[in-house]
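Undergrad: Just passing along the structure, written as structure tokens.
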Amino acid sequence: MLKYKLDLMLLIKIKMKRLLQLSIMIFPVFTLSAIVYAADKITVKTAKISEVAIYPERSAPATVVSLNESVISARIVARVDELSVRVGDIIEKGGVLARLDCEDYVLAHLESIARKEALETKRDLASRRVERTRQLILEQSIAEEILDERESNYAVLGSELRGIQAEIKRKKLDQSHCTVLSPFRALVIERASAVGEFVSVGTALVKVMDIDKTEISAQVLSRDSTQISQASKLYFEHDNIRYPVKLRSIVQAIDAETRNREVRLMFNDSHALPGATGRLIWQDERAHIPGDLLVRRHGELGVFTVEKNVARFNSMPTAQAGRASVTVLADDVRVVIEGHYSLTEAAPVDIVN
């Protein structure tokens, strides 16, 4: 009986030893499987589109232009007596640009006044004759034909008087043209005549530019015109200074050569000088994915998003390598911001945000 118990105990020890050895062999297999399974998942970080999106600035060439760049010409035939401005001078509205010899026009004006006075005297005499003739007709002392003749003469003198009055106004206007005035606050950019020169009607005297009424002319790509119309802020940049501007008009035509559209803008407060060249600056209101989040898969650029711990590749047909690209993904969509270079479509991921 004792021997039987000893054999039984020995058999149990042997089985326990074999079970222990078997467990030692099986445990590493399970551990290795767990490690391999964990290694199949790629660790990534994600963020919402609204958290990583950028809104890049866009620009287009632009120039400040004056709405009025005028050649001031003579309106009478005369000699230039004075040209009182020089290139670079700023002349206020109504300021004197030039003076022309006006003696002939003064004399002509005086001559017309004298003729007017003579006609007025003749008309007064004709009026009195008409009145006396009417009295004589009542007394039947004169023929009615004489009244008709004298009334006709009175009417002719009245017409001549009105004509001379118009002539006086015209010659007075000619006298006013002897002094050439600036039509607006202007910058003198050219002297086209000289003192002592004889000028006729239409001869250029001075070239001036309106420095108050200015606009910005920008040439933009046709596809950018919508962005500009929707932009909340616009700037004109010149010599590293930005001037706030506002949109006035987008020309409803495309240039046949450049395929651009002209945009006209106005300064808000301070403004650059006419002729200044620079850039029209605006901010793109569309969300853009940073260039470092883009990856190329099967020849296409795009970004990875995560759905139920599985990576999904989202192609962006208009994207360019290394540059921020516009996206149509919603703001709350999460994109992979770390670990995306190792991802493939439908790869399992482990998010460690």
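The values are calculated or read from the model by the stated rules, or taken from the named source; none is laboratory data. In this text, all values refer to a predicted model and were calculated from it rather than measured experimentally. Quick reminder, even Gly has a Cβ in these numbers, built from the backbone with ideal geometry, and neighbours come from all protein chains shown.
Undergrad: Condition test on Leu265, is it under 30 Å from Ser249 (Cβ atoms), surrounded by 14 or more Cβ atoms within 10 Å (Cβ to Cβ) and in contact with a Leu (Cβ under 6 Å, 6 or more places away or on another chain)?
TA: yes
Undergrad: Test of understanding: among Arg99, Arg162, which residue is in contact with a Ser or Thr (Cβ under 6 Å, 6 or more places away or on another chain) and among the basic types (Lys, Arg)?
TA: Checking each option against the conditions leaves just Arg99.
Undergrad: Right, another one. With the condition kept exactly as written, say whether any residue in the range 89-102 is touching a residue at least 24 places away in the same chain (Cβ under 8 Å), surrounded by 14 or more Cβ atoms within 10 Å (Cβ to Cβ), touching a helix residue (DSSP H, G or I) at 6+ places or on another chain (Cβ under 9 Å) and within 16 Å of Cys178 (Cβ to Cβ).
TA: Scanning the range 89-102 turns up at least one residue that is touching a residue at least 24 places away in the same chain (Cβ under 8 Å), surrounded by 14 or more Cβ atoms within 10 Å (Cβ to Cβ), touching a helix residue (DSSP H, G or I) at 6+ places or on another chain (Cβ under 9 Å) and within 16 Å of Cys178 (Cβ to Cβ).
Undergrad: Can you pull out every residue in the range 259-305 that is of a type in the set (Lys, Arg), more than 30 Å from Ser70 (Cα to Cα) and touching a residue at least 40 places away in the same chain (Cβ under 8 Å)?
TA: Matches in the range 259-305: Arg286, Arg297.
Undergrad: Give Ser229, Ser193 a once-over and let me know the one that is in contact with a Ser or Thr (Cβ under 7 Å, 6 or more places away or on another chain) and either outside any loop (DSSP other than H, G, I, E, B) or more than 27 Å from Leu265 (Cβ to Cβ) (or both).
TA: Testing whether each residue is in contact with a Ser or Thr (Cβ under 7 Å, 6 or more places away or on another chain) and either outside any loop (DSSP other than H, G, I, E, B) or more than 27 Å from Leu265 (Cβ to Cβ) (or both) leaves just Ser193.
Undergrad: Based on what the data block shows, is Ala311 modelled with pLDDT of 90 or more, in a loop (DSSP other than H, G, I, E, B) and among the small types (Gly, Ala, Ser)?
TA: For Ala311, the condition - modelled with pLDDT of 90 or more, in a loop (DSSP other than H, G, I, E, B) and among the small types (Gly, Ala, Ser) - is not met.
Undergrad: Condition first: in a helix (DSSP H, G or I) and surrounded by fewer than 18 Cβ atoms within 10 Å (Cβ to Cβ). Now tell me which residues in the range 172-183 satisfy that.
TA: Lys172, Leu173, Gln175, Ser176
Undergrad: Going through Val251, Val201, Val195, Val220 one at a time, which residue ends up being surrounded by 18 or more Cβ atoms within 10 Å (Cβ to Cβ) and outside the structural domain of Thr318 (by TED's automatic domain parsing)?
TA: Result: Val220 is the single residue among Val251, Val201, Val195, Val220 that is surrounded by 18 or more Cβ atoms within 10 Å (Cβ to Cβ) and outside the structural domain of Thr318 (by TED's automatic domain parsing).
Undergrad: For Ser141, indicate whether it is in a loop (DSSP other than H, G, I, E, B) and over 46 Å from the mean Cα position of the chain (by Cα).
TA: So Ser141 fits the description; yes.
Undergrad: Tally the residues that are more than 11 Å from Thr63 (Cα to Cα) and not in a loop (DSSP other than H, G, I, E, B), restricting the search to the range 238-261.
TA: The total comes to 12.
Undergrad: Residues of the range 77-102 being in contact with a strand residue (DSSP E or B) (Cβ under 6 Å, 6 or more places away or on another chain) and of a type in the set (D, E, K, R), which ones?
TA: If the condition is that a residue be in contact with a strand residue (DSSP E or B) (Cβ under 6 Å, 6 or more places away or on another chain) and of a type in the set (D, E, K, R), then Arg79, Asp81, Glu82, Asp89, Arg99, Asp101 are the ones that fit.
Undergrad: Against the definition (within 16 Å of Val65 (Cβ to Cβ) and in contact with a strand residue (DSSP E or B) (Cβ under 9 Å, 6 or more places away or on another chain)), how does Ser225 come out, yes or no?
TA: no
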